[in-house]
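Chemist: Got a structure for you, questions after.
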Amino acid sequence: MSKPHVLMPSPMMDLVVKQLDEAFTLHKLWEAEDPEAEITALADKIEGIATGGKRPVDGELMSRLPNLKIVANFGVGYDTVDAAWAGEHGIYVTNTPDVLTEEVADTTLGLLLMTLRQLSESERYLRAGRWEKEGPFPLTRQTLRDRKVGILGLGRIGKAVATRLEAFGSTIVYHGRRKQEDVAYPFYGDLVEMARDVDILISIAPGGDATHHLISTDVLNALGPDGVLINVGRGSVVDEAALISALQEERLFSAGLDVFENEPHVPAELIAMERVVLLPHVGSASVHTRGLMGQLLVDNLKRFFETGKPITPVAETPLK
């Protein structure tokens with residue numbers, strides 16, 4: 001029996017490539033001299049796609065593959081896959097939830113503490129020899145003590161972050177598409193109103209049209225000159241130009257960012273700001289966690305082709 005044909009548009013970790021190469025007929029699109037011609041030649045054969053998000057898997061690409069049945073996405077966010085189109089056309093989309101929840105929550109708390117206490121800035125102060133020459137690093141204005149934190153996106157990761165914040169004694173509120181009946185934290189139906197009432201806004205929201213620039217000038221102004229923004233969700237959720245202006249004009253105290261609008265590009269204005277903490281999208285980037293994510297992607301494809309049902313289909317699928 002021939003193996004199902006799986007298309008991999010861009011390079012992925014060795015663990016994924018090795019296992020998919022063994023279980024399927026794997027087509028590494030990035031190795032093709034003419035990727036578009038390769039897609040055309042393979043169109044009738046491809047039944048699955050394994051994607052890491054570097055090349056969008058949109059309706060135009062999927063429509064060229066008449067026998068496509070499943071798109072397995074690496075990562076909990078799948079905004080580079082048109083899952084709504086896939087669901088409407090009988091195609092499963094999967095992601096890799098749960099296995100990265102604790103790692104990303106840990107990173108979020110680390111980024112929050114680095115930002116509030118200006119820890120990156122203080123380390124640079126030491127490395128530059130300024131402690132010895134100029135004396136102690138100035139006292140930081142911000143602290144996590146007695147802070148009220150608003151979480152945008154109280155999903156699996158958001159709840160894990162909230163649990164950690166409770167241990168720090170923080171007051172927690174949240175905003176999302178709807179109130180969650182099994183959640184005790186106060187819910188805000190309006191993001192600007194929540195931003196006005198909190199000291200810290202943590203965004204763990206997914207990307208996509210529904211959340212594009214959700215954190216706008218109005219939200220940043222509501223946070224105010226002592227407010228702090230932390231973003232570990234998707235860069236597109238924040239209006240980056242508005243954020244830069246708010247920081248430059250001191251309408252916002254600081255920001256800690258693990259994601260950006262046009263990764264890997266980071267605006268020079270943000271890089272120049274000493275107080276802002278910038279990370280290169282490392283929320284889940286440990287060998288342990290990325291290995292679990294890669295394995296779940298592989299297992300989703302294997303399970304689907306064995307049973308017809310994947311392990312972690314996204315909300316837009318199972319099929320309509």
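Chemist: Which of the residues belonging to the stretch 176-191 are buried (at least 16 other Cβ atoms within 10 Å of the Cβ) and under 20 Å from Leu252 (Cα atoms)?
Modeler: If the condition is that a residue be buried (at least 16 other Cβ atoms within 10 Å of the Cβ) and under 20 Å from Leu252 (Cα atoms), then Leu191 is the only one that fits.
Chemist: For the stretch 44-60, check the following and say yes or no: at least one residue is part of a helix (DSSP H, G or I), farther than 30 Å from Leu119 by Cβ and without any contact (Cβ under 8 Å) to a residue 12 or more places away in the chain.
Modeler: Kept after step one, since they are part of a helix (DSSP H, G or I), are these residues of the stretch 44-60: 59-60.
Checking which are farther than 30 Å from Leu119 by Cβ leaves us with 59-60.
Imposing the further condition that a residue be without any contact (Cβ under 8 Å) to a residue 12 or more places away in the chain reduces the set to 60.
Within the stretch 44-60, one or more residues are part of a helix (DSSP H, G or I), farther than 30 Å from Leu119 by Cβ and without any contact (Cβ under 8 Å) to a residue 12 or more places away in the chain.
Chemist: Scan the stretch 92-102 and give yes if some residue there is acidic (Asp, Glu) and modelled with pLDDT of 95 or more, otherwise no. Break it down into steps so the answer makes sense when it comes.
Modeler: Applying the first criterion (acidic (Asp, Glu)) to the stretch 92-102 yields 98, 102.
Next, only the ones that are modelled with pLDDT of 95 or more stay: 98, 102.
Yes, the conditions are met somewhere in the stretch 92-102.
Chemist: Consider Gly110 carefully, then state whether it is surrounded by fewer than 24 Cβ atoms within 10 Å (Cβ to Cβ) and at pLDDT below 95. Give the steps one after another, and end with the answer.
Modeler: On the way: surrounded by fewer than 24 Cβ atoms within 10 Å (Cβ to Cβ): yes; at pLDDT below 95: no.
The answer is no for Gly110.
Chemist: Just need a number here: residues in the stretch 141-172 that are part of a strand (DSSP E or B), of a type outside the set (Gly, Ala, Ser) and crowded, with 18+ Cβ neighbours inside 10 Å.
Modeler: Filtering the stretch 141-172 for residues part of a strand (DSSP E or B) gives 148-152, 171-172.
Filter once more, so that each one left must be of a type outside the set (Gly, Ala, Ser): 148-149, 151-152, 171-172.
If we keep only those that are crowded, with 18+ Cβ neighbours inside 10 Å as well, we get 149, 151-152, 172.
Going through the stretch 141-172 one residue at a time, the tally reaches 4.
Chemist: Just name the residue that is surrounded by the fewest Cβ atoms within 10 Å (Cβ to Cβ) out of those in the stretch 91-107 that are hydroxyl-bearing (Ser, Thr, Tyr) and in a helix (DSSP H, G or I). Show your work before the answer.
Modeler: Looking only at the stretch 91-107, we keep the residues that are hydroxyl-bearing (Ser, Thr, Tyr), and these are 92, 94, 96, 101, 107.
Those left that are additionally in a helix (DSSP H, G or I): 101, 107.
Working: Thr101: 19, Thr107: 22.
It comes out as Thr101.
Chemist: Being in contact with a Pro (Cβ under 9 Å, 6 or more places away or on another chain) and within 20 Å of Gly291 (Cα to Cα) is the filter here; which residues of the stretch 1-27 pass it? First the steps, then the outcome.
Modeler: The initial filter retains those residues of the stretch 1-27 that are in contact with a Pro (Cβ under 9 Å, 6 or more places away or on another chain), namely 9, 17, 23-25.
Selection gives Pro9, Val17, Ala23, Phe24.
Chemist: With respect to the numbered conditions (1) part of a strand (DSSP E or B); (2) out of contact with any strand residue (DSSP E or B) (no Cβ under 8 Å at 6 or more places or on another chain), which one is the sole condition not fulfilled by Ala210?
Modeler: (1)
Chemist: Within the stretch 309-320, can one find any residue that is of a type in the set (Ser, Thr, Tyr) and in the same structural domain as Gln118 (by TED's automatic domain parsing)?
Modeler: To start, the set of residues in the stretch 309-320 that are of a type in the set (Ser, Thr, Tyr) comprises 312, 317.
Restricting the remaining residues to those that are in the same structural domain as Gln118 (by TED's automatic domain parsing) gives none.
No, because not a single residue in the stretch 309-320 is of a type in the set (Ser, Thr, Tyr) and in the same structural domain as Gln118 (by TED's automatic domain parsing).
Chemist: Taking the stretch 117-169 as the region of interest, how many residues are in contact (Cβ under 8 Å) with a residue 60 or more places away in the chain and touching a Lys or Arg at 6+ places or on another chain (Cβ under 8 Å)?
Modeler: Matching residues across the stretch 117-169 total 3.
Chemist: Looking only at residues in the stretch 61-90 that are in a loop (DSSP other than H, G, I, E, B) and of a type in the set (D, E, K, R), which one is surrounded by the fewest Cβ atoms within 10 Å (Cβ to Cβ)? Don't jump to the end; show me each part of the working.
Modeler: Initially, the stretch 61-90 is screened for residues in a loop (DSSP other than H, G, I, E, B), giving 64-69, 74-80, 82, 89-90.
Filter once more, keeping what is of a type in the set (D, E, K, R): 64, 69, 79, 82.
Numbers: Arg64: 14, Lys69: 18, Asp79: 19, Asp82: 23.
My answer is Arg64.
Chemist: Could you please find all residues in the stretch 256-274 being free of Cβ contacts under 8 Å to residues at least 24 places away in the same chain and either part of a loop (DSSP other than H, G, I, E, B) or touching a Pro at 6+ places or on another chain (Cβ under 8 Å) (or both)?
Modeler: Pro264, Val266, Ala272
Chemist: Ser245 versus (1) modelled with pLDDT of 95 or more; (2) under 22 Å from the mean Cα position of the chain (by Cα): which is the lone unmet condition?
Modeler: (2)
Chemist: Inspect the stretch 186-205 for any residue being on the phi > 0 side of the Ramachandran plot and touching a residue at least 60 places away in the same chain (Cβ under 8 Å) and give the result as yes or no. Full working, then the answer.
Modeler: Taking the stretch 186-205 first, the residues on the phi > 0 side of the Ramachandran plot are none.
Checking the stretch 186-205: not a single residue is on the phi > 0 side of the Ramachandran plot and touching a residue at least 60 places away in the same chain (Cβ under 8 Å).
Chemist: Continuing with this model, one more query. Can you list residue pairs whose Cβ atoms sit under 6 Å apart, with the first residue in the stretch 208-223 being within 19 Å of Pro56 (Cβ to Cβ) and the second being part of a loop (DSSP other than H, G, I, E, B) and at pLDDT below 95? Count only pairs 6 or more apart in sequence or on different chains.
Modeler: These pairs meet every condition: Gly208/Asp79.
The values are calculated or read from the model by the stated rules, or taken from the named source; none is laboratory data. Everything numeric in this text was worked out from a predicted model, so none of it was measured. Cβ atoms come from the backbone with ideal geometry, glycine included; neighbour counts cover every protein chain shown.
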